[in-house]
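Every number here is computed from the coordinates shown, using simple stated rules; none is lab data. Here the structure is a predicted model, which is why all the values come from computation and not from measurement. Cβ placement follows ideal geometry from the backbone for every residue including glycine, while neighbour counts extend to all protein chains displayed.
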Amino acid sequence: MHFEKPFTQQEPIPEEAISRAVDVMRSGRLHRYNIVAGETAEVSLLEKEFAAWQGAKYCLATASGGQALQIALRAAGVKPGNKVLANAYTLAPVPGSIFAVGAKPIFVEVDANWHTDIENLRSKAETSKAQFLMLSHMRGHIADMYEINRICKEFNITMIEDCAHTMGARWKGERSGNFGEIACFSTQTYKHMNSGEGGLLTTNNAQFAARAIITSGSYMIYGTHGAAPAEKAFRQVKLKSPNCSARMDNLRAAILRPQLTQLEANVKRWNDLYKTLESELTEATNITICARKHYEDYVGSSIQFHITTNENDSIPEFIQRCLTRGVELKWFGSEEPVGFTSRYDSWRYLEDNVDLPQTTNVLSTTCDMRVPLTFNKDDCRKIAQIIKEEVTRE
Ligand SMILES: *Cc1c(COP(=O)(O)O)cnc(C)c1O
């Protein structure tokens, strides 16, 4: 048996989004500040709708998720030379954004469940004296947020959440992104909403919101924003924040607005696929899928598992055999980054050579697979079958 479907194929953009995008193009007013009297820009409408959906006071749409992260760091007051704690299992835009603002990441170990290691976070917070944490809910795994909030409070740390993989997820009933001071989301093609590129930032802090908006490149037209704080918040920051030009345009916002209304339904579809894969794969003796807590309402847009191969086999060989049969797995154990993977020790532009033995060990057995909504449950069963056959080979 060979699996035929591509792992990188997203669903088409909804028809309603296409026609709205066409309307924007017909109008010629693609820039968010290019509005006629009485008009509200698509970007402002998206900000308003996303803020309401997320349950946050303020929202800013940006050119990418990575730009949202960078803007969040600046808005939170990170200055060159400052230290920023960050879990080591994350994607390259996280260290990239910290580097871009001249700050220095202090990487924290992850545990076998791909959660930020609470004890390591506490000890690094204590020794580094970092005042910021960029917590990445990598591949949708949400650590104990109460513990993390407790540590942040104890050490006076401002937390930014990277919710690129948790848009729509909840932890103990609260939406991911509402635990820290600022949350960042991505609407890049492979995330939970698709505008090609794009990002969203939410916060309840008026001053952070005002700084973020000016930093995104609002000039002095911030008054047209959809989910912005009142003028008074801007007064103190508007001449003290750089314009880093990272706005979203109306075309992308038009594509995203109808997708937001489908998001809850899509989360359910993702989880149905995830659960099918999970129940099939847990049968294999050399595969371990970490059990999620009953109060973690994750979004199963990807699946991770630990694998143990026997002594005549290796993980790269197993991955290659799966690939030959059409099943695309990623492995975080490789010395050199491949495709979208990368490990903390491959970000060699960072000055310090950090060694995180626990994270390296966890990632050395971690396999990762994308679950696009263009798959159905039958596809998931076929994929699981192939993986099970290949992992048990002598
Ligand atoms: C995708 C992603 C981002 C943001 O990426 P952009 O491509 O800049 O939108 C940030 N963090 C993680 C973990 C991601 O996967």
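Using the beta-carbon distance between residue 220 and residue 27 and R0 = 25 Å, what value does 1/(1 + (r/R0)^6) give for FRET efficiency, to the nearest 0.05?
Working: r = 24 Å, r/R0 = 0.94.
Using R0 = 25 Å, I get an efficiency of 0.60.
Using just the Cα positions, wrap the chain in a convex hull and report its mean projected area in square nanometres, one decimal place.
Reported value for the Cα convex hull: 19.5 nm².
Towards the positive end of the charge dipole of segment 263-390, with charges on Cβ (+1 Lys, Arg; -1 Asp, Glu), say which of 354, 371, 342 has the farthest Cα.
Result: 371.
Along the charge dipole of segment 1-109, which of 9, 45, 94 sits closest to the positive end, that is, farthest toward it, with unit charges on the beta carbon of Lys, Arg, Asp and Glu (+1, +1, -1, -1)?
The Cα lying farthest towards the positive end belongs to 94.
Scan segment 150-239 for trypsin sites (Lys or Arg not before Pro) in coil per DSSP, keeping those whose Cβ has at most 16 other Cβ atoms within 10 Å, and list them by number.
Details: sites: 150, 153, 170, 172, 175, 191, 211, 232, 235, 238; in loops: 172, 191, 238.
Answer in residue order: 172.
Of 286, 245, 188, which is farthest along the charge dipole of segment 162-317 in the positive direction, counting Lys and Arg as +1 and Asp and Glu as -1 at C-beta?
My answer, from the dipole projection, is 245.
Residue 244's amide H: which non-local residues (gap 5+, or another chain) put their own amide H closer than 5 Å, with H modeled 1.01 Å from N in plane and none for Pro or chain starts?
Placed amide hydrogens put 216, 217 under 5 Å from residue 244.
For the pair residue 292 and residue 123, how long in nm is the line joining their label points, each one 7 Å along Cα→Cβ?
The two pseudo-label positions are separated by 3.1 nm.
Hey, got the dipole for the chain? About the Cα centre, +1 on K and R Cβ, -1 on D and E Cβ, debye to the nearest 20? Please report the intermediate quantities before stating the final value.
Values: 45 positive and 47 negative charges, 343 e Å.
Result for the chain is approximately 1640 debye, rounded to the nearest 20.
What pairs in 293/382; 191/275; 57/268; 57/293 have C-alpha atoms more than 24 Å from each other?
With Cα atoms farther than 24 Å apart: 293/382; 57/268; 57/293.
Taking every DSSP beta bridge that has both residues in the chain, what percent is antiparallel when rounded to the nearest 5? Working shown, then result.
Working: 25 of 41 bridges.
Antiparallel: roughly 60 percent of the beta bridges in the chain.
What is the percent of Cα-Cα separations in segment 67-200 that go past 20 Å? Don't jump to the answer; show the numbers that get you there.
On the way: 3447 of 8911 pairs.
Here the tail beyond 20 Å accounts for 39 percent of pairs.
Rounded to two decimals, what is the ratio between the C-alpha radius of gyration of segment 194-268 and 2.2 N^0.38 Å? Can you show the working numbers first?
Details: Rg = 14.2 Å, N = 75, 2.2 N^0.38 = 11.3 Å.
Against the empirical 2.2 N^0.38 Å value, I get 1.25 for segment 194-268.
How much mean residue ellipticity at 222 nm does the chain get from its helices, if each DSSP H run of length 4 or more adds -39500 (n - 2.57) and you divide by all residues, to the nearest 500 deg cm²/dmol?
Estimated from H runs of four or more residues: -11500 deg cm²/dmol.
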